[in-house]
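The values are calculated or read from the model by the stated rules, or taken from the named source; none is laboratory data. In this text, all values refer to a predicted model and were calculated from it rather than measured experimentally. Ideal geometry is used to build each Cβ from the backbone, glycine not excepted, and the neighbour counts take in all protein chains shown.
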């Protein structure tokens with residue numbers, strides 16, 4: 001990848017103006033949280049071309065295959081064009097008008113509120129929504145319906161990292177920036193297959209390693225030997241679930257080696273003495289037993305991380321999707337704090353978001369416990385501020401935390417939730433124990449699904465299906481992993497009667513009698529309202545406007561009025577806690593929830609493949625993307641394959657306590673640890689063999705983050 005060369009603001013503005021004159025508009029890739037800059041254009045109202053934005057500081061002209069092939073994904077034949085009513089009994093579908101569909105949605109919500117109260121309604125969104133959509137979804141639910149039952153599939157992605165940031169720093173604010181990649185000497189990558197899932201960022205790491213030579217080191221912690229691990233100087237194939245023991249051991253050995261930053265600990269942190277007391281039990285030889293790693297490898301990793309100059313730690317779902325995901329994230333942050341790897345170039349704990357706008361949803365109050373501007377529903381002052389902003393009477397916003405994703409399923413089973421409105425996501429493939437999710441949705445009085453495609457596994461479970469405009473067919477903002485807010489410009493027309501998500505939300509709000517509060521002339525007007533709610537907050541973006549975003553390749557928050565944004569946080573070592581100090585929080589070592597037994601002797605790990613995305617509603621329509629991995633598969637270690645008398649290519653069934661997935665071809669490989677198997681989760685029930693990986697995963701979740709343990713399920717493998 002070329003070295004990062006940032007153009008001046010005037011140069012960027014001139015380049016964008018010249019391209020716009022030729023019919024090009026700026027955008028950001030809607031897939032992962034990297035936030036690659038794009039240039040896009042349309043012909044006759046249809047998206048016709050997508051190119052990498054060469055002036056964009058995130059990707060500098062690079063794109064992965066998914067981003068490069070957005071045009072056929074957006075123009076797929078199965079785009080949803082009209083509102084539909086569906087019969088659960090027969091599956092019969094009938095096209096209806098927007099007025100009819102919206103009226104039925106509003107009527108169902110009103111009936112549920114009258115009969116069972118506002119908490120009988122649930123709104124479930126997605127990191128594919130724009131920040132403006134998230135904001136309106138929350139305004140409608142929390143402010144005007146009167147329930148905090150608004151959550152998002154980002155609950156499956158970043159909730160554990162969010163909780164850890166809040167505990168350690170006081171706010172959900174990732175401190176590092178992509179620019180730190182070019183200044184880091186050490187990369188610690190934990191539970192993240194970046195080569196596959198964040199390829200443009202991984203290219204930057206590889207470029208840094210080529211430039212820096214032997215002084216730049218990469219350490220990868222992953223039970224699988226992925227392409228990311230193959231590029232590492234040290235690969236630590238940790239036993240699944242043992243991350244806290246490994247990270248604590250690295251910190252302890254760094255302390256014994258004299259590699260900690262004692263001045264930073266003393267001047268800028270609290271809780272170190274209490275944490276230090278528990279560290280001796282993580283001596284490397286003892287941790288080797290828990291982690292399944294040689295003590296020498298742990299020592300080498302500790303020495304390199306703590307003594308090789310600035311260290312950048314990157315982590316993703318392999319850490320977060322766990323019943324101890326918060327503790328694992330805290331262990332990463334503790335390691336950074338103890339070595340002073342925060343607030344300076346090339347250093348920091350840096351969580352990688354999985355979706356394009358998972359961060360924007362967190363900012364706008366898209367989670368069940370949050371309100372716009374990093375406010376919390378549990379805080380009476382926060383509630384009062386939002387009530388005043390929305391013109392609501394005092395105490396209109398409930399102090400009761402809303403239902404999270406898994407709790408939504410449980411509430412449906414108990415009959416407490418009767419109306420579910422799902423937007424931009426496919427939970428019958430993405431949520432764990434998908435058979436249970438399907439049965440729970442069947443108990444609702446009304447299921448509304450708002451999507452750009454039909455059929456999906458979830459639209460086929462809906463009573464009302466609402467057609468949403470796609471990424472290039474509407475404008476809005478999103479925020480990537482480095483807090484960079486970007487503007488997506490509209491170039492194409494939505495197919496048929498499809499509408500932007502924000503307009504659909506406003507129509508339902510109007511039908512519910514709240515039209516005056518949801519009367520917006522444009523998406524920009526929504527952004528302006530939300531922006532004002534960040535004034536004086538840790539994520540202040542009052543200096544960000546649509547006009548400014550059209551001139552620049554995104555702005556990193558905080559960006560108050562008069563500012564040009566903030567690349568890196570905590571450079572002054574002052575943290576948004578009551579003391580101004582970062583907190584060491586002792587992470588607990590806990591076993592995964594699903595028990596490995598003689599009936600279920602193997603651990604199933606799930607994840608992504610490079611050319612597919614989530615549940616394939618977009619990427620599954622692109623022939624070129626399907627060529628690399630046309631079917632799901634199961635990786636198994638040669639020792640386990642011999643014990644089960646399995647051979648490569650043989651069809652197997654994977655069985656857990658919750659269900660089974662069938663007809664998976666076996667790949668016998670030493671890239672997985674003995675005792676573990678791996679399967680990608682992208683293929684759902686609409687795939688021709690109907691194999692759903694999340695049909696066998698557990699819905700057990702972290703008690704603090706409520707994020708489910710999708711990365712560990714006890715299973716057995718049976719030959720077909």
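Numerical summary
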{"quantity": "Output for the range 474-503, where each listed residue is part of a helix (DSSP H, G or I) and in contact (Cβ under 8 Å) with a residue 60 or more places away in the chain", "calculated": "501, 502"}
{"quantity": "For residue 552: the one exception among (1) touching a helix residue (DSSP H, G or I) at 6+ places or on another chain (Cβ under 7 Å); (2) over 19 Å from residue 342 (Cα atoms); (3) at pLDDT 95 or above", "calculated": "(3)"}
{"quantity": "Residue within the range 129-139 that is surrounded by 24 or more Cβ atoms within 10 Å (Cβ to Cβ), in the same structural domain as residue 395 (by TED's automatic domain parsing) and in a loop (DSSP other than H, G, I, E, B) present", "calculated": "yes"}
{"quantity": "Residue match in the range 441-448 (condition: within 28 Å of residue 321 (Cα to Cα), in contact (Cβ under 8 Å) with a residue 60 or more places away in the chain and in the same structural domain as residue 362 (by TED's automatic domain parsing))", "calculated": "yes"}
{"quantity": "Filtered residues of the range 186-222 (kept if in contact (Cβ under 8 Å) with a residue 40 or more places away in the chain, assigned to a helix (DSSP H, G or I) and over 22 Å from residue 712 (Cα atoms))", "calculated": "199, 200, 201, 203, 204, 206, 207, 211, 215"}
{"quantity": "Any hit, the range 627-650, residues being under 30 Å from residue 79 (Cβ atoms), outside the structural domain of residue 435 (by TED's automatic domain parsing) and not in a loop (DSSP other than H, G, I, E, B)", "calculated": "yes"}
{"quantity": "Exclusive hit being assigned by TED's automatic domain parsing to the domain that holds residue 388, in contact with a strand residue (DSSP E or B) (Cβ under 7 Å, 6 or more places away or on another chain) and more than 30 Å from residue 180 (Cα to Cα), set 525, 492, 511, 548", "calculated": "492"}
{"quantity": "Given (1) under 28 Å from residue 430 (Cα atoms); (2) part of a helix (DSSP H, G or I); (3) touching a strand residue (DSSP E or B) at 6+ places or on another chain (Cβ under 9 Å), number of the condition residue 323 does not satisfy", "calculated": "(2)"}
{"quantity": "When residues of the range 655-674 are limited to those that are surrounded by fewer than 16 Cβ atoms within 10 Å (Cβ to Cβ) and modelled with pLDDT of 95 or more, the one nearest to residue 241 (Cα to Cα)", "calculated": "674"}
{"quantity": "Given (1) without any contact (Cβ under 8 Å) to a residue 24 or more places away in the chain; (2) touching a helix residue (DSSP H, G or I) at 6+ places or on another chain (Cβ under 7 Å); (3) under 30 Å from residue 328 (Cβ atoms), number of the condition residue 515 does not satisfy", "calculated": "(3)"}
{"quantity": "Enumerated helices (runs of 4 or more DSSP H) restricted to the range 259-319, each holding at least 1 residues that are buried (at least 24 other Cβ atoms within 10 Å of the Cβ) and assigned by TED's automatic domain parsing to the domain that holds residue 242", "calculated": "284-291, 295-307"}
{"quantity": "Matching residues in the range 529-551 - criterion: being surrounded by 15 or more Cβ atoms within 10 Å (Cβ to Cβ) and in a helix (DSSP H, G or I)", "calculated": "529, 530, 531, 546, 548, 549, 550, 551"}
{"quantity": "Verdict on residue 192 being assigned by TED's automatic domain parsing to the domain that holds residue 310, buried (at least 24 other Cβ atoms within 10 Å of the Cβ), modelled with pLDDT of 95 or more and within 21 Å of residue 268 (Cβ to Cβ)", "calculated": "no"}
{"quantity": "Residues within the range 70-96 that are closer than 14 Å to residue 621 by Cα and in a strand (DSSP E or B), tallied", "calculated": "1"}
{"quantity": "Hey, residue 414 surrounded by fewer than 23 Cβ atoms within 10 Å (Cβ to Cβ), without any contact (Cβ under 8 Å) to a residue 24 or more places away in the chain, within 30 Å of residue 79 (Cβ to Cβ) and not assigned by TED's automatic domain parsing to the domain that holds residue 173 or not", "calculated": "no"}
{"quantity": "Positions within the range 342-377 being in a loop (DSSP other than H, G, I, E, B) and out of contact with any strand residue (DSSP E or B) (no Cβ under 7 Å at 6 or more places or on another chain), in sequence order", "calculated": "343, 344, 345, 353, 354, 355, 364, 372, 373, 374"}
{"quantity": "Tally of residues being assigned to a loop (DSSP other than H, G, I, E, B) and under 24 Å from the mean Cα position of the chain (by Cα) across the range 435-472", "calculated": "8"}
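Yes/no matrix, rows are residues, columns are (1) touching a residue at least 40 places away in the same chain (Cβ under 8 Å); (2) buried (at least 19 other Cβ atoms within 10 Å of the Cβ); (3) touching a helix residue (DSSP H, G or I) at 6+ places or on another chain (Cβ under 6 Å):
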site: 373; (1), (2), (3): yes, yes, no
site: 386; (1), (2), (3): yes, yes, no
site: 395; (1), (2), (3): no, no, no
site: 402; (1), (2), (3): yes, yes, no
site: 407; (1), (2), (3): yes, yes, no
site: 421; (1), (2), (3): yes, yes, no
site: 431; (1), (2), (3): yes, yes, yes
